[in-house]
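Here's the structure we're looking at; comments come further down.
Read-outs throughout are calculated quantities, based only on the coordinates presented, and are distinct from any laboratory measurement. Owing to the predicted nature of the structure, the values given are computational and were not obtained by experimental measurement. As a convention, Cβ positions derive from the backbone with ideal geometry for all residues, glycine included, and neighbour counts pool all protein chains shown.
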Number of protein chains: 2
Amino acid sequence: MADVNSYLSGYADGEGCFCVSFSKSQRHNLGREARPSFSVSQNSDRMEILELFKKQFGCGYIRPDRSDKTFKYEIRSIQHLIKKVIPHFEAYPLLSSKKADFKKFAEICRMISRKEHLKSRGFNKIVDLAFEMNVSGKRKYSKSEMKI
Amino acid sequence: MADVNSYLSGYADGEGCFCVSFSKSQRHNLGREARPSFSVSQNSDRMEILELFKKQFGCGYIRPDRSDKTFKYEIRSIQHLIKKVIPHFEAYPLLSSKKADFKKFAEICRMISRKEHLKSRGFNKIVDLAFEMNVSGKRKYSKSEMKI
């Protein structure tokens, strides 16, 4: 019998993403926003694995991905990331080099939950950490555009 | 601590493939060959997960995939499929609909290990089962071209 928690960590090692995206935002004092998310994508014919993540984590939502014909399970709530996602991957750690991305992701989420992102020093540190993650991914803004 | 076996099943659920390919072969009495394989692909920057599969299964090999810039861990030996791969996924089952592909794959491998593929009735049954698997994948030969 497979251990479901270990199984989900293995699945996420292949198909999951720990991401921190940035946007310009007039609602935020610094004019910038950092948005961490954990997501897993899958074709619609195998949605059940996304349902399993949702059930096991007890949070997040599943939605169609506009960019292709897949569905995405996603958690954006900082509270859920801190209380559900991060403890899961600390208890059932990734076994590939994606673990390094996860560690930076966890640090960023904890900084945000401590409100450190609201000051320029903390925000800049988040930018530095985030730009060390998923280096092959595309970003709308460059690092220097996001630094304060 | 993640259970490695469950983790690998989860990883394979996302990134693994149970495949049965066919080719024409003058070396075989029926003029056709059925070749089952289990494989997992990964970018070279995260090769360690392929090494982990190889270590855990104690068989198979890792090679560059000609079609793109990935590496592939692959097991083609029918003995290793029967003794290592199939028992693993029976003990730590897939949790998505890929499980149905695995069951057909296991049946095909066992038929081959019992030499049933050497007679036309058995070979035709293997063709039927294989064409129910991975229906989105491309095949060189049609089902009718492989039937005897």
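Simple point charges give the picture: +1 on the Cβ of Lys and Arg, -1 on the Cβ of Asp and Glu, and for the protein assembly as shown a dipole about the Cα centre of about 560 debye.
Legend: residue pairs B:54/B:119; B:69/B:115; A:84/A:115; A:83/A:115; B:24/B:69, Cα-Cα distance threshold 26 Å; pairs beyond threshold, B:54/B:119; B:69/B:115; B:24/B:69. From the alpha carbon centroid of the stretch B:12-56 to that of the stretch B:109-148 is 16 Å.
Please get the size of the charge dipole for chain B, origin at its Cα centre, with Cβ charges of +1 on Lys and Arg and -1 on Asp and Glu, quoted in debye to the nearest 20.
Numbers: 29 positive and 17 negative charges, 177 e Å.
Charge dipole, chain B, about its Cα centre: 860 debye, nearest 20.
As a rough footprinting exposure proxy, the listed residues B:65, B:101, B:3 were ranked by other beta carbons within 10 Å of their own, and the order from fewest upward is B:65, B:3, B:101.
Per residue of A:48-55, other chain Cβ atoms within 10 Å of the residue Cβ number 2 on average. The trypsin sites (Lys or Arg not before Pro) found in the stretch A:74-148 that occupy coil by DSSP, while having at most 16 further C-beta atoms within 10 Å, are A:76, A:114, A:115, A:119, A:138, A:139, A:140, A:147.
Per the helix-only calculation at 222 nm, which mean residue ellipticity applies to chain B, given -39500 (n - 2.57) for every DSSP H run of n ≥ 4 and division by its residues, nearest 500 deg cm²/dmol? Mind dumping the intermediate values first?
On the way: 6 runs with 60 residues, N = 148.
So the helix-based figure for chain B works out to -12000 deg cm²/dmol.
The shape of chain B can be summarised by an equivalent ellipsoid whose semi-axes, obtained from the alpha carbon gyration tensor, come to 27, 17, 14 Å from longest to shortest. Averaged over the residues of peptide A:35-45, the number of Cβ atoms from other protein chains lying within 10 Å of each residue's Cβ is 1. Farthest toward the dipole's positive end in chain B, which of B:2, B:31, B:92, given Cβ charges of +1 (Lys, Arg) and -1 (Asp, Glu) about the Cα centre? Farthest towards the positive pole: B:31.
Each copy carries a label point for residue A:21 at 7 Å from Cα along the beta-carbon vector; from one copy to the others these points are 3.7 nm apart, nearest first.
Hey, what did the stretch A:2-148 get for relative contact order, percent, Cα under 8 Å, at least 6 apart?
Working: 190 pairs, mean separation 35.3, N = 147.
Taking the mean separation of contacting Cα pairs over the length of the stretch A:2-148, I get 24 percent.
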